[in-house]
Amino acid sequence: MDWSIPGMVALASASDAGDDSDATDTSDETDGTDESAGTATGAAGGTPLLDVADCAVSYGKVSALRGVDLTVGEGEFVAVIGPNGAGKSTLCNTVSGFRDYTGSVRYHGAEVSDQSPRDLVQQGLVHCTESRDLFGYMSVEDNLTLGAYRANTNVDERLAFVYDLFPALAERTGQLARTMSGGEQQMLAIGRALMGDPDLLVLDEPTLGLAPVILDDISEGIEQIQANGVTILLAEQNVTFALRHADRIVLLENGDVVRRGSPEELREDDYIHESYLGG
């Protein structure tokens, strides 16, 4: 088993938690894929930082992803939205090297299946999982410091960056992670991922179950992360949150891409309005 500490993607957790809900029976073929949506391209043109092409993932006869196409350009923020079980967590785990797949998933131009999760972390792909994977009996600062374990970075500078981003963590440096609120733990999980100085930050459901006041803190933090030029792939059920932050949106349902476009375009989409924005 490969425990890639900077990304804190504990393989047992990433393999077992959340993925089963993404799976759908292959016998239940879905219609409704928006053929006019086309294939997304990176904002800067040229070779994207992440390029997913015709990607399919299955668990035996059960399909979780079906021919997914997705690109993320350097400095871009792409959000994958969809209901629980759509395949979002499976996509994140596949991009991070934890799932076998058919098709192609390329990071920095190299096929992900040819690399270990450890290799990907060292190349700047850091995955903040839905389950957070914190070390509960370790302090806030110890959890953060571990995030830089395999990164070639100045730990003190990264700590200062994270504490500036989330001041609540600076007030709790010695507190055990297990004693923190859910929102504080989410800040810690994101902060630890940032300690690895990522080129691509994969965020899986960072707003899940958070109170509105904490959601505002996470939102402000993500805006600062964007301003620092970090490329982000977000998997998120909170469509309003995704529309607020992302440069491009991809709607995933039952493992299929059914819509894609800019936030402005999808706000005007009748299906998005009726199904995800309350009509």
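The values are calculated or read from the model by the stated rules, or taken from the named source; none is laboratory data. Treat the numbers as computed from the prediction; the structure is a model and nothing was measured. Every residue, glycine among them, receives a Cβ derived from its backbone with ideal geometry; neighbour counts consider all protein chains shown. Heads up: the accessible areas ignore ligands, DNA and RNA and are worked out on the full protein's heavy atoms, side chains in. Shrake-Rupley method; radii C 1.70, N 1.55, O 1.52, S 1.80 Å.
List of remarks:
- Near Arg248, once Lys and Arg are set to +1 and Asp and Glu to -1 for all other residues with Cβ below 10 Å from its Cβ, the sum equals -2.
- Chain lengthening between Thr153 and His273 when straightened (0.36 nm per residue, less Cα-Cα): 38.9 nm
- Extension gain (nm, one decimal) between Ala53 and Ser104, 0.36 nm per residue minus Cα-Cα: 17.9 nm
- The mean sequence separation of alpha-carbon pairs under 8 Å and at least six residues apart, normalised by the residue count of region 132-244, gives a relative contact order of 30 percent.
- Region 97-133-region 222-279 distance, computed between alpha-carbon centres (Å): 22
- Accessible-area ranking of Thr129, Thr173, largest first, probe 1.4 Å: Thr173, Thr129
- Across region 70-208, C-alpha contacts under 8 Å between residues 6 or more apart give a mean separation that, scaled by the residue count, equals a relative contact order of 30 percent.
- Estimated inter-spin distance, Asp164 and Asp119, nm [label 7 Å along Cα→Cβ]: 3.5
- The 3J(HN,Hα) values that the Karplus relation (6.51, -1.76, 1.60; θ = phi - 60°) gives for region 101-117 are, in residue order, 8, 10, x, 9, 9, 10, 10, 6, x, 10, 5, 5, 5, 8, 10, 8, x Hz. Gly and Pro appear as x.
- Summarising the label geometry, the points placed 7 Å from Cα in the beta-carbon direction at Thr240 and Ala227 lie 2.4 nm from one another.
- Pairwise label distance in nanometres, Glu265 with Ser181, each label 7 Å out on the Cα-Cβ vector: 3.9
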